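The values are calculated or read from the model by the stated rules, or taken from the named source; none is laboratory data. What you see is a predicted model; the values in this text were computed from it and never measured. Cβ sites come from the backbone with ideal geometry, for glycine too, and all protein chains shown count toward neighbours.
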Amino acid sequence: MKISANPHRHFLALGLSAALILAACQSVQTTQPGVVGVERKQTMTSLLPVAQVNSGAEKAYQQVLGEARKKNQLNRDAAQLARVKRVAERLIPATTAFRNDAPGWKWEVNVITSAEVNAWCMPGGKIAFYTGLIEKLQVSDDEMAAVMGHEIAHALREHGRERASQAVLQSAVLNIGAALLGVGGAAVDLSSTILDVTFNLPNSRQDEIEADRIGVELAARAGFDPHAAVSLWQKMNRLDGGRGPAFLSTHPSPENRIKDLQAYSERVMPLYQAARKR
């Protein structure tokens, strides 16, 4: 192994690099608290700006759509797609209650034919609904709004960027360790990271609670009955003999989730009633 002529300088440089990485961490408030009062500040890294995350999400989204298109699974039912888009078009303006910039995002909505009970919204407003969720649960428009509001809430709160920040920082720390050992590090592929945090890595319970609460407020502001979130999750919990879909496996317990949704649905009822009068 080749030894540096000045190992102290080498370690000092690595130490400074580590300090700069830590200094790049910022505590940010991504959203306004809304009536539901979601006020947690989040740790983000300036090494991963919003524009870069959204660009990575766009690339990842197009990759998913491209694969669905090859399998003839993309937007096969025009009426179904139109229905999902109508719900989204009502919810998107309501996002201004949490972020002034959100209604101006480059929103996209697509439906993927799949037996999977799933839906998601990538950073920047890239939404996908799976036919398995629509058909197996026989969702009403109010229940569809509950799902979509929940997924949009993840994007508003930048949960994807928050988790991607953690991945980038972890990679940076590992690369410093690799440099200390004299071996090469690994670069982070942002679009792959976005896909990972969207599909493979479960959201934390904290993230899920935040998305539930913001989701019922978005639904209420858009004129959808927020209590539909309760009936939706009751249907989810009955799916597959009570096991529910796989993506719920690390979410809050069904009993606690339903109690929380009931409480916060009641809190936002005045918003729903006002929206219904407009």
Exercise for the section: Would you check which residues across the stretch 202-228 are polar (S, T, N, Q) and touching a residue at least 60 places away in the same chain (Cβ under 8 Å) and list them? Expected result: 206
Problem - Flag if residue 172 is closer than 18 Å to residue 56 by Cβ, at pLDDT below 95 and surrounded by fewer than 23 Cβ atoms within 10 Å (Cβ to Cβ) - result: yes
Problem - Criterion: surrounded by 14 or more Cβ atoms within 10 Å (Cβ to Cβ) and modelled with pLDDT under 95 - qualifying residue of 21, 92 - result: 21
Problem - Selection count, the stretch 79-120, where residues are in a loop (DSSP other than H, G, I, E, B) and closer than 25 Å to residue 32 by Cα - result: 7
Practice task
With respect to residue 197, determine if the residue is surrounded by 13 or more Cβ atoms within 10 Å (Cβ to Cβ) and at pLDDT 90 or above.
Solution key: no
Fill in the blank from the handout: Checked 152, 134 against criteria (modelled with pLDDT of 95 or more, over 24 Å from residue 25 (Cα atoms) and buried (at least 23 other Cβ atoms within 10 Å of the Cβ)); the one match is 152
